[in-house]
Amino acid sequence: MPENWMLPRIFPIGGILFDLLFVMIAIPVEAYVLHYRLKFDKKTSTFYAISINLFSSVIGWFIFFVSEPLLPIEVKSELINYMFFNGFKSPNTQTVIILTACIIFFATFLMKFFILRGLLVLLNETFAKKEEDPQTSQRQKRLRLSSVNFQNTNLVTTILIANSLSYSAITVILLFRSK
């Protein structure tokens, strides 16, 4: 690590405001998907959508502020140029942005899945509860295990659909912004 490692003194207010806009767009989209696919009531699905989006946003900004001082000077220059002037100097930057966007999408998807799974376990939702029965047969254990696997698969699919739809809506907003 470099010796002069420290947090930046200037916060990208425009980026933070756009992130707030993106979270405000993602919450209703993801709440609808959680309500429709996981059969939560509207209040619960909205709570989970707010929670996973805010937690993943905070974690994302933390990762950004920790990794920004470690970036090469050229990347920092392009990042600053984009944040303040909404443009790039180098034509090769778009390739890096597309690769970074894909990485961010899948990282956000994984974060949201683990956050939602953790919230379901912590709050003891019926979706994640296991029935306790002292006299269970082998067949019942296998059925319960397959049910838990199905619930995990359903949760993964639901989060992937919700994340994809919210990222699509955000991409449309970014396309309107660039014009």
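No value in this document is a laboratory result; all are computed from the given coordinates. Keep in mind it's a predicted model, so treat the numbers as computed, not measured. Heads up, the Cβs are rebuilt from the backbone with ideal geometry, glycines too, and the neighbour counts pull from every protein chain shown.
Given a Förster radius of 41 Å and the C-beta distance between Phe85 and Leu122 as r, what FRET efficiency does 1/(1 + (r/R0)^6) yield to the nearest 0.05? After rounding, the FRET efficiency stands at 0.40.
The listed peptides 67-75, 18-26, 107-115, 159-167, ordered by packing as a protection proxy, come out as 159-167, 107-115, 18-26, 67-75 (highest mean of other Cβ atoms within 10 Å first). A full extension of the chain between Ser164 and Leu99 corresponds to an added length of 21.8 nm, given 0.36 nm per residue minus the alpha carbon distance. Each peptide among 33-39, 171-177, 88-94 gets the average number of other Cβ atoms lying within 10 Å of its residues, and from highest to lowest they stand as 33-39, 88-94, 171-177.
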